[in-house]
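Inspection log for the structure reproduced underneath, given as structure tokens.
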Amino acid sequence: MRRIQGRGRAQCRVEGRIIAVRLPAPLAHQSERRAARRAARQQRATDPRTLEAAHFVFLFTTLSRAELSARNVLELYRYRWQVELAFKRHKQILKLGQLPHRDPEAAQSWILSKLIVALLLEKLYRSSAISPWGYLVEPTIAASPSKAA
């Protein structure tokens, strides 16, 4: 890991470090295929550097090594990603894409009621009272054929 400087939106310098983690072979292959499809859609050749980069996950952090190790940065990112997925799930299930009200108080009431429903659904989901598939998944035990006596 090396110290780098980049430019943010406001054109100010941001110091930080890049953490690169090699993906397992099957995931790297999927990532390569995605990069190739993206290039084909844009009608351009796939850059060999893009294919090489497809084998890694890159994270940028402003935290120094002394503040947080690379392993801990990756762990925090995984947790952050789970939060992102939860928001995406709630947005889809609860139809949070658009507000049906223009009045600020009505919109706030609508959002708060949706958040209460989201919390209740999350509680049910976490306690396994309901299954995301709509039915309980029971392990199947294969029985050996019985012998005739």
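Quick note: the coordinates plus some simple rules give every number you see, no bench work behind them. Nothing here was measured: the structure is a model prediction, and the numbers come from that model. All Cβ positions, even for glycine, are placed from backbone atoms using ideal geometry, and neighbour counts span all protein chains on display.
Structure data summary
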| item | result |
| --- | --- |
| Sparse-neighbour loop sites [trypsin sites (Lys or Arg not before Pro); region 31-89; at most 16 other C-beta within 10 Å; DSSP] | Arg44, Arg65 |
| Alpha-carbon centroid distance for the pair region 48-82 / region 98-129, whole angstrom | 32 Å |
| Approximate spin-label separation Ala39-Thr62, in nm, with each point projected 7 Å along Cα-to-Cβ | 3.4 nm |
| Sparse-neighbourhood loop sites, chymotrypsin sites (Phe, Trp or Tyr not before Pro) in region 29-114 - DSSP loop, at most 16 other Cβ within 10 angstrom | none |
| Theoretical gain in end-to-end length, Glu52 to Lys114 [0.36 nm per residue, Cα-Cα removed] | 18.0 nm |
